[in-house]
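**Student:** For reference, the structure I am asking about is given below.
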Amino acid sequence: MRKFSTFVTLSCAALCLTAVSCTKKTGGEEKSITLVMAEVNPAETIAGQMDQAFKEKVEELSEGKIKIDLQCSGILGDVDSVMDLMLKPHSTIHIHRMSAVNMAMYGCKKSALLSIPFTFSSKEHFWRLAESEDADDILNEPIEKGLGLRGLFFGEEGFRHFFSTKKIEKVEDFKGLKVRGTNDKAMQGLIAGVKATSIPVNYADLYVALQTGAIDAAEQPIANYLANHFNAVAPYMILDGHTLGVMEAVITEECWQSLTKKQQEILLEAGKYASDFCRKLSQTEEDKVKAALLAEGATLTEVDDITPWQEACAAVIEEGAAVDPDFYQTILSYAEK
């Protein structure tokens, strides 16, 4: 039933958007265009607000000649459905905000390095990397891989933490639990390292899976945990911060090449603005979310010593870094710059 539902959603979207295209200027005058942007999370999340900032800045800089049709809450489908469409010619979705871990699942090795557990010591560590020239190597990787996508800008939605239907206070408490795991090697290795069992669950079905006991735990940035009301069915969160929720906005290469240089520059400038907006928003939003969760009765458990967690994940950290050891060391070096 879920597959049929997704098919109907995408089919309707395609019918509504077939008139939308990226078109070069003709007769010396740039045409007004509309670019469709997909977002799986609700508009009020950090990701959704970052997307909105990007949309508004693009429309401001272009004086309304470039419209961003931002569709949040997975209206255009889940990540896999959107990617399936964007990887094909003449996609009716042009821009997609996705997690770095999703890019890793499509063979982007440098993006995969961003999802290795306990890579970033702080948000500042990540932003030093994101604002460096080395960040371009990550954003350009999808083009080099022949995916027909290119990165526009980075964001982050805070560190990712585990949440559960029963209280977890230490690594040993994971043993035997059923944990929702994505298909990437880093997450699979992390779950195996804490001796839990990985269960594949579609993001759209996560709430029900927790509610029915199909799984015992999952992980998300804290803002998404609240925005999706997961605390109502899994009220315990342990703030282990195993990975940072790094986000990448990507555009189809077909659309990008159809734009004028001026239009491309507008998207890049708006992307820098959105990144900066996200950086400022992330911490203040996280503090608000923690207060709201506590007010709703959620239990937040701090982790004073991450050493046991790092030891449990030692194998996946080593394996992940081996994909591109030199670039991984480059990433780590920004912790001290």
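The values are calculated or read from the model by the stated rules, or taken from the named source; none is laboratory data. On a predicted model such as this, the values are computed, not experimentally measured, just so you know. Cβ sites come from the backbone with ideal geometry, for glycine too, and all protein chains shown count toward neighbours. We work out accessible area using only protein heavy atoms, side chains counted, and drop any ligands, DNA or RNA first. Shrake-Rupley method; radii C 1.70, N 1.55, O 1.52, S 1.80 Å.
**Student:** With buried (at least 22 other Cβ atoms within 10 Å of the Cβ), at pLDDT below 95 and assigned to a helix (DSSP H, G or I) as the only criterion, which of GLY245, GLY320 stands out?
**Tutor:** The unique qualifying residue is GLY320.
**Student:** Looking at (1) open to solvent by less than 60 Å² (accessible area, probe 1.4 Å); (2) at pLDDT below 95; (3) touching a Phe, Trp or Tyr at 6+ places or on another chain (Cβ under 9 Å), which one does GLN310 not meet, given that it meets all the others?
**Tutor:** Only one criterion is unmet by GLN310, namely (1).
**Student:** So, one more: Just checking, how many residues over the range 89-115 are part of a loop (DSSP other than H, G, I, E, B), open to solvent by 10 Å² or more (accessible area, probe 1.4 Å) and either acidic (Asp, Glu) or more than 22 Å from LEU76 (Cβ to Cβ) (or both)?
**Tutor:** Result for the range 89-115: 2.
**Student:** Just one of the numbered conditions (1) open to solvent by 50 Å² or more (accessible area, probe 1.4 Å); (2) not in a helix (DSSP H, G or I) is not true of LEU332; which one?
**Tutor:** Every condition holds for LEU332 apart from (2).
**Student:** Condition (residue is in contact with a Cys (Cβ under 7 Å, 6 or more places away or on another chain), of a type in the set (Val, Ile, Thr), at pLDDT 95 or above and open to solvent by less than 10 Å² (accessible area, probe 1.4 Å)) applied to the range 22-43: is it met by at least one residue?
**Tutor:** yes
**Student:** Then there's this: Those residues that are in contact with a Pro (Cβ under 9 Å, 6 or more places away or on another chain) and open to solvent by less than 30 Å² (accessible area, probe 1.4 Å), I need them from the range 48-73; list them, please.
**Tutor:** The answer is GLY48, CYS72.
**Student:** When you check ALA234 against the structure, is it crowded, with 20+ Cβ neighbours inside 10 Å, assigned to a loop (DSSP other than H, G, I, E, B) and touching a residue at least 40 places away in the same chain (Cβ under 8 Å), yes or no?
**Tutor:** yes
**Student:** Among the residues of the range 54-72, which ones are under 21 Å from the mean Cα position of the chain (by Cα) and outside any helix (DSSP H, G or I)?
**Tutor:** ILE68, ASP69, LEU70, GLN71, CYS72
**Student:** If you take the residues of the range 291-307 that are under 22 Å from LEU190 (Cβ atoms) and surrounded by fewer than 14 Cβ atoms within 10 Å (Cβ to Cβ), which of them is nearest to the chain's Cα centre (by Cα)?
**Tutor:** GLU302
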